[in-house]
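A short worksheet on the structure shown next.
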Amino acid sequence: MKSPLLSLPGAVPAEGADEGVAAHYGDLFREQRALADGTGFVDLSHRGVITVSGDDRLSWLHLLLTQHVSELPAGQATEALILSAHGHIEHALYLVDDGETVWAHVEPGTQEALIAYLESMKFFYRVEVADRTAEFAVVHLPAGSIAEVPEGVAVRETPYGRDLFLPREDLQSYAEKAAPAVGILAYEAFRVEQHRPRLGFETDHRTIPHELGWIGSAVHLQKGCYRGQETVARVQNLGKPPRRLVFLHLDGSEVHLPTPGTEIRLADEDPDGRKIGFITTSVRHHELGPVALALVKRNVPLDARLMAGDTAAAQEVVVEP
């Protein structure tokens, strides 16, 4: 969905998965500093919004999600995954229950497939699933923000800030009160700094939760059955994931960032040497400089010097080998 805030001065449209909102409003680093200071807001109105209501909503979702939500307190934010039968990540949900309804936002364009799956699993449970994307827009307020939250709006309070499920018709008027507007590139820079994976960016068709550090934050290890649980339990108890998420500091002398998908190899090997991983997200951070998230093979030495394409890179551990 195309945001009306693209009409704000300086707005440059985002591309790819984040098409529909602003990449930035003319000054990427100023916008990052605003988020760091707890000011401004991020327009995430391109994300899908779904709701689940009904008396059985929490107990039913508990059977389907990787997270323990059967007794989720009202107002407490959490995140959860839906896995394939083989344990591969299919959906990521960022949710909160307001006491009557579960609100969740998901990656742009994934809500239809998610709802189709949820509808197929309703059976005799007293639940109603709805796509509310056309009615509600997600707005992010950074940690420390003192911006007003309109009465009656569902809110996800997290260590990284607050996600508001704002009536879409109120988006422009709210933007005037919560200014300055901050683009998705600044939001992504902080996501990378915080080592937070994103569906469709850090994931591919064979990603399992252990590879990205989603155990704990999105996957609860002491709950009942859900699709893909066998893989989660087997890796947790008997083995290690084949890949691991790393945080990379990139050579700041390079003009261009290595793009997602750029192959990673050991710096000590031939330029045509074996591929040991790939870039998933790369950003320019206002303090750290060029940085990235990447997936590499689990057995890559922690002190190995890496090359992301033609760019030298030093790794920080996110997921232990």
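The values are calculated or read from the model by the stated rules, or taken from the named source; none is laboratory data. Keep in mind it's a predicted model, so treat the numbers as computed, not measured. No Cβ is skipped: glycine too gets one built from the backbone with ideal geometry, and neighbour counts run over all protein chains shown. With ligands, DNA and RNA removed, areas are computed over all heavy atoms of the protein, side chains included. Shrake-Rupley method; radii C 1.70, N 1.55, O 1.52, S 1.80 Å.
Output the residues belonging to the range 110-140 that are in contact with a Gly (Cβ under 7 Å, 6 or more places away or on another chain) and either within 27 Å of Phe190 (Cα to Cα) or not acidic (Asp, Glu) (or both).
Thr110, Gln111, Arg126, Val127, Thr133, His140
Conditions tested, residue by residue: (1) in contact with a His (Cβ under 9 Å, 6 or more places away or on another chain); (2) farther than 18 Å from Ser217 by Cβ; (3) of a type in the set (Val, Ile, Thr).
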site: Gly20; (1), (2), (3): yes, yes, no
site: Phe41; (1), (2), (3): yes, yes, no
site: Asp56; (1), (2), (3): no, yes, no
site: Leu61; (1), (2), (3): no, no, no
site: Thr78; (1), (2), (3): yes, no, yes
site: Ala85; (1), (2), (3): no, yes, no
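Which fully enclosed strands (runs of 3 or more DSSP E) of the range 251-310 have 1 or more residues being among the small types (Gly, Ala, Ser), out of contact with any His (no Cβ under 9 Å at 6 or more places or on another chain) and open to solvent by 20 Å² or more (accessible area, probe 1.4 Å)?
277-285
Taking the conditions exactly as written (in contact with a helix residue (DSSP H, G or I) (Cβ under 8 Å, 6 or more places away or on another chain) and modelled with pLDDT of 95 or more), does His195 satisfy them or not?
Here the answer is no, as His195 does not meet what is asked.
Cβ-Cβ distance below 9 Å, separation of 6 or more or different chains: which pairs start in the range 5-31 with a residue that is of a type in the set (Phe, Trp, Tyr) and end on one that is surrounded by 15 or more Cβ atoms within 10 Å (Cβ to Cβ) and assigned to a strand (DSSP E or B)?
Listed by first residue and then by second, the contacts come to Tyr25/Ala181; Tyr25/Val182; Phe29/Arg284; Phe29/His285.
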